[in-house]
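Structure record follows, encoded as structure tokens.
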Amino acid sequence: MGEARIRHVAVTDPTRPRHRPRPHSSECDHTWHSDRSDITVATDILTPTIGESVYQEIRRKILDGRIAPGTRVSIRSLAQSLGVSTMPTREALKRLHFEGLVEFDRRAVTVTSLNAREIRQLFAIRLTLESQATEWALPRLDHESIVSMRKILDQMASSGITAHEWRELNREFHQTFYDCADSRYLGELIRNTWDRVQPYMAIYATVPHTLDEARRQHEQMFDLMCDGRLDELLDATRHHLEHTADAIVGALDGGLGSDKEHHVNYAELTIDELHRMIRSGETTSAAVTGWYLNRIDDIDSIDNPDGLQINSVVTVNDRALRDAAYIDEIYAKTGELVGPLHGVPILVKDQGETAGIPTAFGSEVFADYVPDADAVVVRRLREAGAIILGKTSMCDFAAGWFSFSSRSEHTKNPYDPSRETGGSSAGTAAAVTANLCLVGIGEDTGGSIRLPSSFTNLFGLRVTTGLIPRTGFSPLLHFQDTPGPMARTVTDLARVLDTIVGFDTSDAYSGVATTNPDVGDYRAALDDVASSALASYRVGVLTDAFGHGVGEDQTNAVVRAAIDELATCGTTVVGDLVMGDLQNWIRETSLYSLRSKQDIDAFLRNRPTAPATSVKEIVAAGAFHPLTDLMRDIGDAPDDVDDNPEYLRGRLRQEEWRRVLVSMMAEADVDFLVYPTVQVPAPTRDDLAAKRWTALDFPTNTVIASQTSLPAMSIPVGFTDDGLPIGMEVVGRQFSERALLRFARAWELAANPRRPAVATVLDEG
């Protein structure tokens, strides 16, 4: 950024005029002196009318906090205090009412008072607007603006500064930066939102210790601005706004004190941000864990009639808070994080066994089954310092693409509660996107990580089969099964992946993790990634993976737009690659109806306390959700297919298909193949009840990678006109996980595709 990359600037000429921000709001054509009780104007503009002066004076008193929120006063008394008649006072109040600052009737006026929920909503709106302004302003940040902001920060740090002066300087600092975005309309939206919360900034400035923390945050943001580090600046901006909202809400409730954790908003928290907050003493693992548990009660539980009743969490770990407190105790004694996932609250798909926590595999038959040992993945998470919050919903034994199960019925899609979340890792997807945990663990046999990730605006990765041990996860097809992470950010996904990959003696398939030097160090591989890295990749568009129809056209439009954006960012796009006979390849390599029964039965027989020992037993009792049609096919399969010609032919075709796909990539000289993760948007529950699709004909493209044991990642690429998330699948060669993650991270930086579900944002706090 040239001159803009300086930090502390010595201002040698104190008489040099400061960069002047745009006016704060509707007084954009006037410059007012707000530090006098009488109303004056700058000498270079005309004297306003009486009505305008009354409007400005009342407005300034409200914004300065001199008339506190909730104050009610008669219009006559207000007019008398201003020395004017009621007519201009009433006209001024009409304007202020339109701006949302007051409510009034014929005789009295009340300054608008916001509750905690409304304050958090406004700060969520601020975050959206100011994030956009940051992205536009940072590339245009000039030397003059940096000098101005450095001077403002020095004034904010001076001793003896009043709360009023600090608030004005705080606003001037941010406005100076956002003015660099050079967008009049975005600036007006930001200033209007500022005005709504400005009265509460007077409260913020009086809370003990908040100004010291705010000064530290401003210095951090300033350094990041000077260094041009957009991603970290966006994180710092989010943290700053959340800190401000928390301080205000805490003060309104009688102080932060011991109840601080109840008011902090950890929505969209990342692992790096959590660890920074723990190290700085801003939070604890127990506080964050408590926040997520409260949020599960508030918006997920079906027992809360006032919540969204998402129904993604089937079991809560009653030891979660104690586990978090233990992690905090270790940190307090040593000053060191216990591992790379220190204090990270995680939800695990109910397919993975958890010692001491019921694990039902989506089945009502197993509702009370409590394993004695953790799955290998769960054990590794705990050893890395993670807190297991609980277990998430899935269809019966993962035998389908949707959320419904005999254990928990449907899980709502947070982006549209009338629609499917997708499965079978439905609960993990809904929980992660709704901020019910920091990251989540799913499992993918035919696409059960990537499909729900596509429907919920998440990043979901299926690794090369065997990189992650499967021990302790109920199987569907042992040669395709793999647990894996689901996350809101690529960086969080990579950090979890580092923890759970690697050989374990209990799973012979995991020996592949020792055969390739590119296994591991996934988080470190992202350190030097920038959006410009997209220009170094070549992708091939698998044309026959795009569907045809109304829903398919909506999906195609979003994915095609993303591919165009990749090309704009410099990615070489090789179009019109054709598999040929794609549906035949899918059908001939689909082995669920033949092999799943044998694999599930072997798993159940090895659990002495299991309430059932065979799929046939469960199907015969009708103890599965009636829409999980694949369970019937599995129940009718042979007991042993090791020598079955049809099964062996299918396994050979899987190997052949993998060779064909890898050869296609080599011939086209591309790094990855791309196409829609699923050919249609998330279906409605009415569609599923009408049996529009079966498990074996639902148009998901995730089976391409699953039935060839290739790594693949679903990345969020946009939304339909109805606001439904769409994912694009990126498939690589075996052991190309690092490259997939780097590509996804570059896309994340370029496109900023993450958009929280509106319903869950409005329910925050």
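The values are calculated or read from the model by the stated rules, or taken from the named source; none is laboratory data. Predicted, not measured: the structure shown is a model, and the values here were computed from it. Every residue, glycine among them, receives a Cβ derived from its backbone with ideal geometry; neighbour counts consider all protein chains shown.
Out of all the residues in the range 110-141, which are among the β-branched types (Val, Ile, Thr) and over 30 Å from Ala757 (Cα atoms)?
Those that are among the β-branched types (Val, Ile, Thr) and over 30 Å from Ala757 (Cα atoms): Thr110, Val111.
Of all residues in the range 672-689, which are part of a loop (DSSP other than H, G, I, E, B), touching a Ser or Thr at 6+ places or on another chain (Cβ under 8 Å) and not β-branched (Val, Ile, Thr)?
Across the range 672-689, the qualifying residues are Gln679, Pro681, Ala682.
Name the single residue, out of those in the range 624-671 being touching a strand residue (DSSP E or B) at 6+ places or on another chain (Cβ under 8 Å) and part of a helix (DSSP H, G or I), that is nearest to Arg595 (Cα to Cα).
Filtering first and then ranking leaves Leu661.
If you check Ala137, Ala124, which single one turns out to be in contact (Cβ under 8 Å) with a residue 12 or more places away in the chain, within 28 Å of Tyr266 (Cβ to Cβ), touching a Cys at 6+ places or on another chain (Cβ under 8 Å) and part of a helix (DSSP H, G or I)?
Only one candidate qualifies: Ala137.
For the range 617-629, how many residues are over 20 Å from Leu696 (Cα atoms) and surrounded by 16 or more Cβ atoms within 10 Å (Cβ to Cβ)?
Within the range 617-629, residues that are over 20 Å from Leu696 (Cα atoms) and surrounded by 16 or more Cβ atoms within 10 Å (Cβ to Cβ) number 2.
List the number of the failed condition for Gln309; all other conditions in (1) in a loop (DSSP other than H, G, I, E, B); (2) within 28 Å of Ile190 (Cβ to Cβ); (3) modelled with pLDDT of 90 or more hold.
Going through the list (1) in a loop (DSSP other than H, G, I, E, B); (2) within 28 Å of Ile190 (Cβ to Cβ); (3) modelled with pLDDT of 90 or more, Gln309 breaks only (2).
Being over 17 Å from Gly732 (Cα atoms), assigned by TED's automatic domain parsing to the domain that holds Pro681 and free of Cβ contacts under 8 Å to residues at least 12 places away in the same chain is true for just one of Asp481, Asp498, Asp527. Which residue is that?
The match here is Asp527.
Determine, yes or no, whether Thr694 is within 19 Å of Tyr592 (Cα to Cα), buried (at least 24 other Cβ atoms within 10 Å of the Cβ) and touching a residue at least 40 places away in the same chain (Cβ under 8 Å).
no
Which one of Glu144, Glu168 is modelled with pLDDT under 85, more than 30 Å from Arg754 (Cα to Cα), out of contact with any Phe, Trp or Tyr (no Cβ under 7 Å at 6 or more places or on another chain) and in a helix (DSSP H, G or I)?
Exactly one of Glu144, Glu168 is modelled with pLDDT under 85, more than 30 Å from Arg754 (Cα to Cα), out of contact with any Phe, Trp or Tyr (no Cβ under 7 Å at 6 or more places or on another chain) and in a helix (DSSP H, G or I), namely Glu168.
What are the residues in the range 86-121 that are among the charged types (D, E, K, R) and either buried (at least 19 other Cβ atoms within 10 Å of the Cβ) or in a helix (DSSP H, G or I) (or both), if any?
Answer for the range 86-121, where residues must be among the charged types (D, E, K, R) and either buried (at least 19 other Cβ atoms within 10 Å of the Cβ) or in a helix (DSSP H, G or I) (or both): Arg90, Glu91, Lys94, Arg95, Arg117, Glu118, Arg120.
Just the residues that are buried (at least 22 other Cβ atoms within 10 Å of the Cβ) and among the hydrophobic types (A, V, I, L, M, F, W, C), please, taken from the range 498-525.
Ile500, Val501
Only strands (runs of 3 or more DSSP E) wholly contained in the range 355-462 count here; list those with 3 or more residues that are under 28 Å from Thr284 (Cα atoms) and under 19 Å from the mean Cα position of the chain (by Cα).
Where strands (runs of 3 or more DSSP E) fall fully within the range 355-462 and carry at least 3 residues being under 28 Å from Thr284 (Cα atoms) and under 19 Å from the mean Cα position of the chain (by Cα), they are 387-392, 439-444.
Would a scan of the range 320-336 turn up a residue that is in a loop (DSSP other than H, G, I, E, B) and buried (at least 23 other Cβ atoms within 10 Å of the Cβ)?
no
For the range 49-84, how many residues meet the condition of being of a type in the set (Gly, Ala, Ser) and modelled with pLDDT of 85 or more?
Of the residues in that region, 1 qualify.
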